[in-house]
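Asks: Handing you this structure, nothing more for now.
Computed from the coordinates by the stated procedures, all read-outs in this text should not be read as laboratory data. Predicted model only: the values in this text are computed from it and were never measured. With ideal geometry, Cβ positions are generated from the backbone for all residues, glycine too; neighbour counts draw on all protein chains shown.
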Amino acid sequence: MTLLELEDVTASYGPVQVLEGVSLSVPENGAFGILGANGAGKTTTLRAISATVRTGGRITFDGKDIRGLRPDQVAALGIAHVPEGRGTFGDLSVRENLRVGAYLRNDRKGIDEDIDYCLDLFPNLQERIGSNASALSGGEQQMLAVARAIMSKPRLLLLDEASLGLAPSTAKNVYDAIRRLRSESGIAMLVVEQNANLAFTLVDGATVLETGRNVLTGTTAELKGMDEIRRAYLGG
Ligand SMILES: Nc1ncnc2c1ncn2[C@@H]1O[C@H](COP(=O)(O)OP(=O)(O)O)[C@@H](O)[C@H]1O
Ligand SMILES: [Mg+2]
């Protein structure tokens, strides 16, 4: 079953239209990637779903038209956005950030269990549990941003460039944990990445954006076999 579907979605910042018609779908329990160069419209596509940019076209989640909802209404449906640049609360501790992620929930026992799960998924955070988020390394902040999203018990995770600015080994750690999360939780994922090698370890299929529109869509196996993908995104 399709969980999220975008059909011919447009988006504008003020008078400037930057998405010209983006279509994609994420199946229930699936993981789908968005690839593309800087400025292609990847972040804006996630913002269109989260309702933080003005949109046209059709966006459906779980069969319901969600375009035109407010950002808090979209979040309440179970869509958690891990933004580019992470967006953790710097002067709150790791534990407090995780609790903020659960602010729409009141199942105390479930929240405590999910905090334990996040700390098992990201052992680095366990060691930093009382530290302010601003004192964490880039990799730890990325882990915290993902963990905070998990705390909202989402059905769909929107991940924006989780590897950006991280050392390769740290980026791999983050993706290993996200892959484990996917297999254990079944949370569906829409994953923006410039590092296609990493994205392809997680997603089943992907679309490539160029100047606000899809230019290629396929399964991970299909895309890996295409010369233009290998040249542009896989370093050979
Ligand atoms: N807040 C904004 N106001 C105006 N233009 C923006 C804003 N954010 C992004 N853009 C423009 O929209 C286009 C797509 O940007 P973005 O979605 O951030 O691309 P990507 O994430 O693929 O790098 C770019 O041309 C960018 O300059
Ligand atoms: Mg971006």
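Asks: Using a Gaussian network model of the chain with C-alpha springs under 10 Å, which one of A31, A206, A40 is most mobile by mean-square fluctuation?
Replies: Its mean-square fluctuation being the largest, the pick is A40.
Asks: For L3, what is the net charge nearby, where nearby means another residue's Cβ is under 10 Å from its Cβ and Lys, Arg count +1, Asp, Glu -1?
Replies: Values: positive: R155; negative: E5, E28, D62.
Once all neighbours under 10 Å are counted, the net charge is -2.
Asks: I'd like the FRET efficiency for R180 and S12, computed as 1/(1 + (r/R0)^6) with the beta carbon distance as r and R0 of 45 Å, rounded to 0.05.
Replies: Efficiency for this residue pair is about 0.75.
Asks: Let me ask something additional. Test of understanding: in a Gaussian network model of the chain with alpha carbons linked when under 10 Å, which of M226, M151, M143 would top the mean-square fluctuation ranking?
Replies: The residue with the greatest mean-square fluctuation here is M226.
Asks: Let me ask something additional. Pulled fully out, how much extra length does the chain show between K172 and E84, if you take 0.36 nm times their separation in residues and subtract their Cα-Cα distance?
Replies: 29.9 nm
Asks: If you line up the long axis of helix 108-121 against the longest principal axis of the chain, both from Cα atoms, how many degrees apart are they, to the nearest 10?
Replies: Orientation of helix 108-121: about 70 degrees from the principal axis.
Asks: Sticking with this one: Given the chain, what whole percent of its Cα pairs are spread farther than 27 Å?
Replies: 32
Asks: Okay, next question. Hey, in the GNM for the chain with a 10 angstrom Cα cutoff, which one of L157, L166, L144 fluctuates hardest?
Replies: L166
Asks: Still on this structure: What is the sum of charges, Lys and Arg at +1 and Asp and Glu at -1, for the other residues whose Cβ falls under 11 Å from the Cβ of Q194?
Replies: -3
Asks: Here is a further query. How far is the Cα center of the stretch 66-142 from the Cα center of the stretch 159-231, in Å?
Replies: Using only Cα atoms to place each centre, the spacing works out to 22 Å.
Asks: Want the number for T217 to R231: 0.36 nm per residue separation, take away the alpha-carbon distance, what's left?
Replies: Details: separation 14, 0.36 × 14 = 5.04 nm, distance 1.63 nm.
Difference between extended and current length: 3.4 nm.
Asks: On to the next question. Compute the Cα gyration tensor for the stretch 60-188, then decide on rounded, prolate or oblate, letting a ≥ b ≥ c be the square roots of its eigenvalues: rounded whenever a/c is under 1.5, prolate when a/b is larger than b/c in the other cases, and oblate in all that remain.
Replies: Prolate is the answer for the stretch 60-188, as a/c is 1.5 or above and a/b outweighs b/c.
Asks: Principal axis extents for the stretch 90-153, Cα atoms only, whole Å, descending order, please.
Replies: For the stretch 90-153, the Cα extents along the three principal axes come out at 30, 22, 17 Å.
Asks: Work out the length of the dipole vector of the chain about its Cα centre, built from +1 on the beta-carbon of each Lys and Arg and -1 on the beta-carbon of each Asp and Glu, and round it to the nearest 20 debye.
Replies: 260
Asks: How much net charge surrounds L234 when only the other residues with a Cβ under 11 Å from the Cβ of L234 are counted, with Lys and Arg +1 and Asp and Glu -1? Let's see the in-between values first.
Replies: Working: positive: K224, R230, R231; negative: D227, E228.
Taking every Cβ under 11 Å from that of L234, the sum is +1.
Asks: For the Cα atoms of the chain, what angle does the longest principal axis make with the long axis of helix 138-150, in degrees from 0 to 90, nearest 10?
Replies: 90
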